[in-house]
Amino acid sequence: MSQDWNLVPTFRREFDFFDRQRDLFSEWLHRFDDDWRLMEFEDSAQRFDKELERIRDNLHVLDSDDAELSIDNPFITDPEGNRKLSLRFNCSKYNPNEIMVKTLDNRLCVHAKHEDETEHGKIHREFTREYVLPDNVDPNQLKSHLSKDGVLQIEAPAPPSVEAPKEHVIPIEQL
């Protein structure tokens, strides 16, 4: 039994996501708002290209924050008069089971990783911060607390030689 094969032409050029969007623009134009549809086709196509470039630029911007933290004075004195190391991290985009806090020698590492699967693919978000603990802060004394709104607070007793600023709580008046 013989099979008939159909040849499929191969299109050879750089054809990325943004090229496909440009090719589909004329088919999509009727779905855009009046501001787009009332323009001349060439003007709206140029505007669409500029919007795609803006999206491409934003997609390629990575979290440029340095993973290693540098904090001038990480020590506080709490309202009870206890001096302690206190660090806070915004982990509101992560579930508690996606956050890991660990130490290696005198380095503290906070790592959070989240992955969602959608019908179009996977969404991946990751957060890493490292902090070199000050001298005489015992890594075994670190404790972490995660608030309901996703603020991760890591604390440890301050060594006796540290002079932490006195904290004064200012009441908030409601108008």
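Give me the distance in nm between label points sitting 7 Å out from Cα along the Cα-to-Cβ direction at ASN106 and ARG54, one decimal.
Between ASN106 and ARG54, the label points sit 4.8 nm apart.
Please check which bits of region 35-54 a label hung off LEU29 would reach, taking the label as a point 7 Å along Cα-to-C-beta and the cut-off as backbone N under 19 Å.
Answer for region 35-54: 35-53.
What shape does region 17-59 have by the C-alpha gyration tensor, where a ≥ b ≥ c are the square roots of the eigenvalues, rounded means a/c under 1.5, and otherwise prolate means a/b greater than b/c and oblate the rest?
In terms of gyration-tensor shape, prolate.
Sequence neighbours fewer than 8 away in the same chain don't count; with that in mind, list the lysines whose C-alpha is under 29 Å from LYS50.
Filter leaves LYS122.
Take peptides 148-156, 45-53 and line them up by average Cβ neighbours within 10 Å, highest first, as a rough protection proxy.
Those peptides, ordered most packed to least, come out 148-156, 45-53.
Taking 0.36 nm per intervening residue step and subtracting the Cα-Cα distance, what contour gain separates ARG22 from ARG37 on full extension?
3.8 nm
Read-outs throughout are calculated quantities, based only on the coordinates presented, and are distinct from any laboratory measurement. None of the values given here were measured: they were computed from a predicted structure. Every residue, glycine among them, receives a Cβ derived from its backbone with ideal geometry; neighbour counts consider all protein chains shown.
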